[in-house]
Amino acid sequence: MITPNKFIPFAESSLGHAEKVHAAIEQPISIRDLYKKTSSSKGSIELFLYAIDILHLSNVIQVDFTTGIVSRC
């Protein structure tokens, strides 16, 4: 996980990216479409996956691994 410190600002950390990913989930959406929706912001696929992990482990989002659909809890 990429955490904020004096060299990495919050917005460029995985926690900051998790905030952007969570805001982009308005209704159930596929992981692919969610990445396309948030990839215009300054983040890599690595940050996106860390953000999904953080949100899923925090029970903020639900991920259906069989269909690839992400939704808010």
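The values are calculated or read from the model by the stated rules, or taken from the named source; none is laboratory data. In this text, all values refer to a predicted model and were calculated from it rather than measured experimentally. Here the Cβ positions follow ideal geometry from the backbone for every residue, glycine too, while neighbour counts run over all protein chains shown. Just the protein is used for accessible areas: all its heavy atoms, side chains included, with ligands, DNA and RNA removed. Shrake-Rupley method; radii C 1.70, N 1.55, O 1.52, S 1.80 Å.
A few notes on this one:
- By accessible area, using a 1.4 Å probe on protein heavy atoms only, the chain has 57% of its surface on carbon and sulfur.
- The value of relative contact order for the chain, using C-alpha pairs under 8 Å at least six residues apart, is 33 percent.
- Loop chymotrypsin sites (Phe, Trp or Tyr not before Pro), the chain, which have at most 16 other Cβ atoms in a 10 Å radius of their Cβ (DSSP): Phe7, Phe65
- Total formal charge among the other residues, if their Cβ is under 13 angstrom from that of Asn59, Lys/Arg +1 and Asp/Glu -1: 0
- Choice from Leu57, Leu15, Leu34 showing the highest fluctuation, given a GNM over the chain with Cα pairs closer than 10 Å: Leu57
- When +1 charges are put on Lys and Arg Cβ atoms and -1 charges on Asp and Glu Cβ atoms, the dipole computed for the chain relative to its Cα centre reaches about 160 debye.
- Using the Karplus relation 6.51 cos²θ - 1.76 cosθ + 1.60 with θ = phi - 60°, the per-residue 3J(HN,Hα) values for the range 59-71 come to 6, 8, 10, 10, 10, 8, 6, 7, 9, x, 9, 10, 9 Hz, with x marking Gly and Pro.
- Near the amide H of Gln62, within less than 5 Å, lie the amide hydrogens of Ser71, Arg72, Cys73, all on another chain or at least 5 residues away, with H placed in the peptide plane.
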